[in-house]
1. If CYS148 passes every condition in (1) crowded, with 19+ Cβ neighbours inside 10 Å; (2) over 17 Å from THR95 (Cα atoms); (3) among the hydrophobic types (A, V, I, L, M, F, W, C); (4) modelled with pLDDT under 95 but one, which one does it miss?
2. What pairs come up if the first residue lies in the range 92-115 and is under 14 Å from GLU147 (Cα atoms), the second is assigned to a helix (DSSP H, G or I) and of a type in the set (Lys, Arg), and their beta carbons are under 9 Å apart, counting only those six or more places apart or on different chains?
Amino acid sequence: PNPISEPRIPATMEIRNIKMTKSSGFITISYNIVRTTVQIIKSFAALLIIAGILSACTPATMSGSLSHRLTAWNSGSLLKQTVNTLTVDDQHIRTLQAGHNPAAVRTACEAMGVDARRANSYLPTPDQQITNILNTAYTAEYTASIECYKDASQPASSRLLAGYDRLVAQADSQFAQATKLYNEIVHNHDH
């Protein structure tokens, strides 16, 4: 007969629901090991300490004045780059619309949708009003990309229907509004 060794259980654990079953000459022992309240409290205390340490290490976009936080968020001219990318996408689509290649137009429309989603992933900004304006603008650009894709299969004379034009114009207006508000906050430091 082989000796059965007892499982080593840390002092902060407890064995519960011990069951013994006999089948085909073998004895099977099953049990549950659970953490005690002391261990759970220690784990929770450790999480609180870690949370405190992490909160002391807030990124630059979360501390300082609104002007400073917006400048940190926009490092590398993020706002200008995303707006320019979407503007170039629109210009590219309009150039392709003049041709007779619906597949190329659909590909450009898809690229515009991807760029709009990517731009939206940079939100939120430190300013809720700018975030709301940009979210609406990026949503309009994405919706325009869907309209564009649907319109690409239409005859060249009726492509880029009013829906696409309206959505792109709406987004352009909101980009101008967000950029103006951003500049006012960053350059005037009062908001």
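The values are calculated or read from the model by the stated rules, or taken from the named source; none is laboratory data. If you're wondering where the values come from, they're calculated on a predicted model, not measured in any experiment. For neighbour counting, all protein chains shown are included, and Cβ atoms are generated from backbone atoms with ideal geometry for every residue, glycine included.
1. If we test CYS148 against (1) crowded, with 19+ Cβ neighbours inside 10 Å; (2) over 17 Å from THR95 (Cα atoms); (3) among the hydrophobic types (A, V, I, L, M, F, W, C); (4) modelled with pLDDT under 95, just (2) comes out false.
2. Going by the 9 Å Cβ cut-off, the qualifying pairs are CYS109/LYS150.
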